[in-house]
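Each remark here refers to the structure printed beneath this line.
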Amino acid sequence: MILDFIREYFVYLHPGYTVLNTVVFGIILGIFVILIIKMFQRIKKDPENLFIPLIPFIFFGSGARALVDNGIYPLTYLLVTPGIYLLTGFTAIATVLASVYIEKKTNINYRYIIFTVGALMCVPNLVYMGPINFTAFFQVIGIWALISAPFVLLRNKWSLIRDKFNLSIILAHIFDASSTYIAVDFYGYGEQHVLPNTLTQLTGTAFVMYPLKIFIIISALYVIDTYIEDKTIRNMLKLAIFILGLAPGLRNFLSLSMGTL
């Protein structure tokens, strides 16, 4: 009975989120973030240094999920929520720990090792990725560039986004909002998450994702920079927020680009 309950409400072989599983996934994410913070404190590395090296891992997880969406990869527990995120997360953590150990033994920069492993993991996704609808592709890129431009131009005049890490986080979430907006408003896709879906239904457009995300992310970054003094905790929280923006954004972007032909 317990296993049936878990399969029904927490393992997705069909789309959709509920208040219950959203809260549970949030709690689980919080626990993992705390454990990863402890890991970084132990290995004496700054999470901010993994901002670029982890991008291939994000592409791996998001790309695999997009290939499932389009029927190229099989619909299995390991390739849908939460399986794909657990697989990607544990692989990334193991790679970080192994790369730090290799760095100590060889003096090879651990960030290069992490990036290389992640890039190699992406090869199957790139091989199986189907034809791209460049209309949808450039619609997302275009609206993302348009909405992002003011933040890039104001970078040197606004202390919060003068930090390139903060700016990258905002741009990642604008990218997520852009992929959602184009998919929902122009191609008839549905929003799966509870709050965005509610607001989209109320306003009649997924454009509401922009003010929602921008307000929440800027507020979160302000609180983190103002009230969290520990550098490792501060940067790990930022890294988590960055991943939470880029990962679903890439999944939506790739699914849309391959699925609208």
Where does the chain land at 222 nm, in deg cm²/dmol rounded to the nearest 500, when only DSSP H runs of n ≥ 4 count, each adding -39500 (n - 2.57), divided by all residues? -25500 deg cm²/dmol
How big is the dipole moment of the stretch 64-208 about its Cα centre under a simple scheme where the beta carbon of each Lys and Arg is +1, that of each Asp and Glu is -1, and everything else is neutral? Debye, nearest 20, please. 620
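Which shape class, rounded, prolate or oblate, goes with the stretch 25-64 when its Cα gyration tensor gives a ≥ b ≥ c as root eigenvalues, a/c under 1.5 marks rounded, and past that a/b bigger than b/c marks prolate? List each step's numbers first, then the result.
Values: a/c = 3.21, a/b = 1.19, b/c = 2.70.
Taking the square roots of the gyration eigenvalues as a ≥ b ≥ c, the stretch 25-64 is oblate.
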Once you treat every alpha carbon in the stretch 122-165 as an equal point and sum by Debye, what is log10 I(q)/I(0) at q = 0.16, 0.30 Å⁻¹? -0.65, -0.98
Cα-Cα pairs above 11 Å in the stretch 156-202: how many percent? 71
The stretch 128-261 - percent of accessible surface contributed by carbon and sulfur, probe 1.4 Å: 66
Skip the ligands, DNA and RNA, and give the accessible area per residue of the chain with a 1.4 Å probe, whole Å². 53
Under the Karplus curve 6.51 cos²θ - 1.76 cosθ + 1.60, θ = phi - 60°, whole-Hz ³J(HN,Hα) for the stretch 124-135, x wherever Gly or Pro sits: x, 4, 5, 5, 8, 5, x, x, 9, 7, 6, 5
For K38, which aspartates and glutamates qualify as cross-link partners when the Cα separation must be under 19 Å and same-chain residues fewer than eight apart are set aside? D46, E48, E229, D230
Taking the chain as a Gaussian network, Cα atoms linked when under 10 Å apart, which of M129, M236, M39 shows the biggest mean-square fluctuation? M39
Cα lying deepest toward the dipole's positive end in the chain, options I217, S148, I228, charges on Cβ: I228
Which of N156, N125, N197 fluctuates most in a GNM of the chain (C-alpha springs under 10 Å)? That residue is N156
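The values are calculated or read from the model by the stated rules, or taken from the named source; none is laboratory data. What you are looking at is a predicted structure, and each value in this text was computed from that prediction instead of being measured. Don't worry about glycine lacking a Cβ; one is built from the backbone with ideal geometry, like all the others, and counts go over all protein chains shown. Ligands, DNA and RNA are stripped out before the accessible areas are found, and what is left, the full protein with its side chains, is counted by its heavy atoms. Shrake-Rupley method; radii C 1.70, N 1.55, O 1.52, S 1.80 Å.
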